Structure formats: structure tokens, C-alpha cells
Amino acid sequence: MFNTPRLAPNYGSNSVNNFGVGSMVDNPLSNSIYDSDGLDPWSSAPSPAPPPLPSSSATGGGSSFTSVIGEAAVPPIYHEAFATVDAASIGETSVNALSRVLETSALSATTIDKIVSLVSSKPRVSKEEFFVALALVAIAQSGRDLSIEMVAALAQENALPAPQLNLSAIAPSISGFANYQIRAPMPVRAYSDDPWNASKLPNAPPPTAANGILSNGIPSSISGTGLPSNWWRRQENITVNILGQQGFILNRYLVYEVATDRAPPVPRRYSEFVILWDCLVRRYPFRLLPSLPPKRLGPDESFIEQRRRGLARFLNFVINHPVIKEDGLLAVFLTEPSFESWRKHSTISYEEESVSKRVDRVEEMAIPSDLEDKLAIVRGKIGILIEQWQKICILAERMIKRREAAAVRVPPTTPRRPFIPAHFGLPSFSSSSDVADNASMASSVFSGLMHPGRALDNPSQADTARLTNALKVVVEVNSKCWRGDECELCSGVRQGVASVAAHTQQHGDALEHRARTLLYSTLEALKAQRDLYIATRDLFIRHDRLSGDQVEKLKKRVETNSLKLEGVKQARKDGWEVEADKLSGLIEKDQAGITAALNRRVFVRACMWHELRVVLHNRENTLLTEAAKTLAREERDFCEGVTVNWGRLVEALEPMPFE
């Protein structure tokens, strides 16, 4: 049901509520904001060609070198070497890291450069490509010719050679730079047993239930003046990792790992995220709640990675919401080892929170009388904010990927569309002046924005690593001068070129680490800001659809039945007592309905005021301040490190002779 192509919702200005026709309750997944490639994930259009990503196991595929290695037994030195440069266990490494490993093989720089060129033409190296490179090292050490075909032939014979490496002598990846922290995906866990079994989890808190039915939310009312001091520093963090495909051939599904501080990591399917979302939006229709990233027929690795990050942002939002974080089903979702087995033995309540919660007189008086005017101000600007934050996310991701040189090469005839037509009519990022293709990339993340229709001819990060290897080859080839071993000019220039190669490698490492940090922290903070405003728009849509009541209709019916009751009492015909009791019962029932509807009306206003004052106002300002300060501080440290690196190179090149 989730893969059916759907028409794009029209958020135009012709609707009554200025937000178009919403479908947040009936079909939460009918639209998407997570496709940065400009395609509607619900459409039947094929996925664009993705750049290499760590989670190659997500789609059951992997590197093109997977078929080269096949099922051959890999010598232990292969895994040991890869673990040395993949401390975060993300399943890939950089060309720089591969070059550092190969340098411990005592092979010539020319051979190392040839091996790197054979196994990868991109800035990142997968595990399979890394293993092929080590096999080529062993082949070169044995004196044979280098070729991928030779590696494939040895793999078919299950005789992959073990290279001679001195891993303890691997050069450090960074010299003079801060060690940037990267939120890398968690290591893949192998579950030997069925992940959907009903095993017990001692540390998981039991769900609160009444008569076997799981209740929603906290029992208290929504009193409170806001969030505690420094709340943004005490937010709970949830990590979503990809475990891979499971199930049978005709029923394959992707499994995620949800890790929190509450309990050991638990496996979850996307359909279980949908169940959680559907329950939360029914229980808390008047709370800010982000949408889920969608599914797509035949997703590629890029789409799956974007969806993983979207799921992580969704969970991190709800787990830090002042009200929703206490929901019982959310606690079960984060801690229960088998959510499917738990659902078979439990009943989930979809009762709206207004049924079990009340707003006292003091809280009701705290709701401003001009609440509708305040909400109207937010309504008026929410569309523009969504449009601009969507643009900010696209531009930031484009620049970060250029820094890491992981962007897909887009042919000039089919440029990447810089907006999402299913949601926002963003203006084209065009410029009247053309920017040269060979424009240099500056160190700052907010510099070097090029024409959107252009693509970089070569990945700059890979160029940095290959430039380092090429300089080392030059040093090696010029080790002998025609004038003899006593040529001071050749010797001094050779030492200078070697210094340039060393500092270029350090600069490439720093660029890579900074880009990865931006990708996993700064960019996610920007997308969380965008998600917040989209959740606000969806809240207004739900409010317009669900906040109505039947108070006026019930009042008229009570008035009509009261007149009938008076007439029956005055007439006193045979059996009038039965008719009078019947009318009295109807009147009491309608009066109770009026009371409940009025209480719900007050509760809805209290919820909207709480979400505006506590959630939206705090998150859109405080978290943006934190992200901006963190970005400025980290960019300053990075630029200072770059300055120090090139300053040391200037000092190292002082003795480099001219004649």
C-alpha cells in the first residue's frame, strides 16, 4: 500500500486554510520532503545514480568489486588493515587512508599510485575495493603484473595472497588538526536468532497498562511554563543504523537498528515506524509531529541513506518533545526487542489525549485571548520559511558534498533539479553570470557555490589524494640526477616536493574529516529546522480538519427536546412518563456531549498555545543558535588548522633551492 504512486498535494493559496488539502491522518506518507534529488519518491520514475555510500548492504548490493572477491576466503591481514583505517566501522574509508596503508608495503610510489587508480576513481573506497587493493599489493610484491583479472582468478581459486604490511608504521591521518568528531553509523550487528522473536529484555521498562490496554501519554495535565534551563544540552539522542535485508526472496524487507540509552539496540522495520507514527498522530493530533520519510519502489542506496537520517530525526524530535516523550507506545518501540510479537499480545489505544486530560482553570486563564492572532502570524510566514529552509538545506548539502567530492556527476543535459516540485515551487538557483568550471573550492563550507547546472569534472577530495601520490611518484622518479648523487639542487628540490606531498595529504585528511562532520551534524541540524516548520504546517492542517465540534448543533437539539418535554408534561397523555424519560435521557446525553466538546475546545487551544510557546518558539530559536555557534566555532578551528598546516609548509620550503 505504501508504494502506490500518488499525486502531489497542492499547497496553494486557493484553500480555505491557505495550506491546501492535507492528508496527515488518512495517509501520513502521501508526500515527501526528503528527496534531495528533485524527484517525488512516490513517483514511478527511476532513481538517480547515487554516489558511493557506507551502507552498501542496505539494498543487498555493494561495490562493483564484490564479484571480484566473491566468496573467497580473505586473509586476516585484510581485515586487520581495514579496521586500522575504519575505526568507526562505517564500511568504507578514504583514498588518503588507503594510500597510507599501501605505503607500509615498501612498494614504490609509482606502483602505489597505479594500485589506487585501479581500484577507485572516487574519493571513498569501499571494503571490497580496499581488499582488492591489498591483493594487488601482494601480487606486486611477488613480482607479477598488476591487473584486476589476476585478483579475480586468484579469488576463484580461493587463494587470495597476503601482502606484507607494517601496520604499526602507518602515518597518522592528521597532523596539526583537531580530531573532528563524526556521528558515524553504528557498527552492523549480526543477529543469530530471529530478530522478531519474543525474547525478554530485563532492562526494558514495562508499559503502563490499564485492563490490558496501553494508555497514551502522561496522566497529568499540560501545566508548565516552558522548558528547563539549558534544555538543549540535555536532549536525548537516538541513533538509527541499517542492519540490512532480511526475509525470504519474495518478501525481503530492510531492517533498521534503533539505539538509545534506555536499553540495548532493537531491530525495527519501516512498517513499524509507520505504526508508531500513526498511533502518535491519532493520540496527539494537536502536537507538533514530524512526518516520516516515504518509501519508494526500487530505492537506491542514496534514497535509503536519506530515509535512515529522516527516521533518526523523527525519533529524536518525538523523544525530546515535552509531552510525547512520555508516551507508553514510544517507550515500547524504543526498548522492546520484538515489536511485532509485543503487538500480537497487546492492545494499542488510539484515544485522543483530550479524552483523558483536562485543563484546569488557571491554565485556561493563561491562554492569551489573542491566540488566534498569534497563530495567524505563524500561518502567514510558515510557507516562506519552509521554502527558504528547503533551499538552505539543498545549498548546504551541495557545498558539503563538493567539499568531500562525493556529489554525483550530472550530465549537462540533465542537471539536478534544485527544488522539489511535489511540495514547493522554489525559484531556480540560476545566475546571470556564468561561473567557470575550474573554479577553486575555498575552505569555508559557505564558499565556492557554483552554477547549479554544472558538475565538477573530478572529485576534489580524490584529486587531493591523487595529487599526493603523483608528487610522491615525482620524488621517486627524480631520485637520481644525471649529474650524479652530489647534485644539491635536485636533492633540495626533491625534499621540497616531498614536503608538499606530505602537507597536501594532511590537508586532504582535514578536508575529509571536516566534510564528514558537517554532513552528520550541521546538515542534520539544518534539516531538523526545516522539518520543524513542515511539522508546524501539518499541525495547522490537522487543526483545521479536526478541531471542529458539534456544540451548536447539540444546543439546538437540546432546546428542541426541552420544548418537546415541556409539551409532554403539560399534555399528560397515556404513557407520557415513558416519553418524558426518553426525552430527558436524550437531553442529558446531549448536555454531556456539549460539556465534553467545550472541554475539548479549551484543551485544543491549550495544546496550540503550548506548541507555539514551548516547542516551536524554543526549538526554532535555541537550536538554531546552537547550530550557528557550533558551525562558526568548528569552521574557525578548521581554518586555523589549515593555516597552521600551510604555514609549516612555508617553513619547510625555506631551504628549497632556486639554483
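Worth a mention:
- In segment 274-296 there is at least one residue matching the filter, namely being of a type in the set (A, V, I, L, M), more than 30 Å from Ile394 (Cβ to Cβ), touching a residue at least 60 places away in the same chain (Cβ under 8 Å) and buried (at least 16 other Cβ atoms within 10 Å of the Cβ).
- Looking across segment 356-380, just one residue is closer than 19 Å to Asp544 by Cα, surrounded by fewer than 14 Cβ atoms within 10 Å (Cβ to Cβ) and of a type in the set (Val, Ile, Thr), and that is Ile377.
- Selection within segment 244-259 - surrounded by fewer than 17 Cβ atoms within 10 Å (Cβ to Cβ) and among the β-branched types (Val, Ile, Thr): Ile249
- Note on segment 259-282: residues that are more than 14 Å from Trp342 (Cβ to Cβ) and part of a strand (DSSP E or B) total 1.
- Among residues of segment 640-659 that are of a type in the set (Lys, Arg), those with a beta-carbon under 7 Å from a residue that is surrounded by 13 or more Cβ atoms within 10 Å (Cβ to Cβ) at least six positions away or on a different chain give the pairs Arg648/Gly176; Arg648/His503.
- Some residue of segment 97-111 being crowded, with 16+ Cβ neighbours inside 10 Å and in a strand (DSSP E or B): no
- Leu539 vs. criteria surrounded by 19 or more Cβ atoms within 10 Å (Cβ to Cβ), over 22 Å from Trp609 (Cα atoms) and among the hydrophobic types (A, V, I, L, M, F, W, C): no
- Those residues of segment 600-629 which are within 20 Å of Leu539 (Cα to Cα) and not hydrophobic (A, V, I, L, M, F, W, C), in sequence order: Arg600, Arg601, Arg605, His610, Glu611, Arg613, His617, Asn618, Arg619, Glu620, Asn621
- Looking across segment 613-650, the residues that are farther than 20 Å from Arg234 by Cβ and either among the β-branched types (Val, Ile, Thr) or not in a helix (DSSP H, G or I) (or both) come down to Val642, Thr643, Val644, Val650.
- Condition check for Pro368 on (1) under 21 Å from Arg262 (Cα atoms); (2) in a loop (DSSP other than H, G, I, E, B): one failure, at (1).
- Against the list (1) surrounded by 14 or more Cβ atoms within 10 Å (Cβ to Cβ); (2) outside any helix (DSSP H, G or I), the condition Gly383 fails is (2).
- Selection of segment 459-510 for residues being among the hydroxyl-bearing types (Ser, Thr, Tyr) and assigned to a helix (DSSP H, G or I) yields Ser460, Thr464, Thr468, Ser491, Ser499, Thr504.
- No other residue among Leu532, Leu554, Leu518, Leu539 is closer than 19 Å to Pro293 by Cα, part of a helix (DSSP H, G or I), in contact (Cβ under 8 Å) with a residue 40 or more places away in the chain and in contact with a helix residue (DSSP H, G or I) (Cβ under 6 Å, 6 or more places away or on another chain) apart from Leu532.
- Lys325 being in contact with a helix residue (DSSP H, G or I) (Cβ under 7 Å, 6 or more places away or on another chain), outside any loop (DSSP other than H, G, I, E, B), at pLDDT below 95 and over 19 Å from Arg542 (Cα atoms): yes
- Subset tally (residues that are surrounded by 17 or more Cβ atoms within 10 Å (Cβ to Cβ), not basic (Lys, Arg) and not in a helix (DSSP H, G or I)) for segment 124-145: 2
- Of the residues in segment 354-367, none is within 20 Å of the chain's Cα centre (by Cα) and at pLDDT 90 or above.
- Filtering segment 570-594 to residues that are closer than 19 Å to Glu559 by Cβ and either touching a Phe, Trp or Tyr at 6+ places or on another chain (Cβ under 6 Å) or of a type in the set (Lys, Arg) (or both) leaves Lys582, Lys589.
The values are calculated or read from the model by the stated rules, or taken from the named source; none is laboratory data. Here the structure is a predicted model, which means the values were calculated and not measured. Using ideal geometry, Cβ is built from the backbone for each residue, glycine included, and neighbour counts are taken over all protein chains shown.
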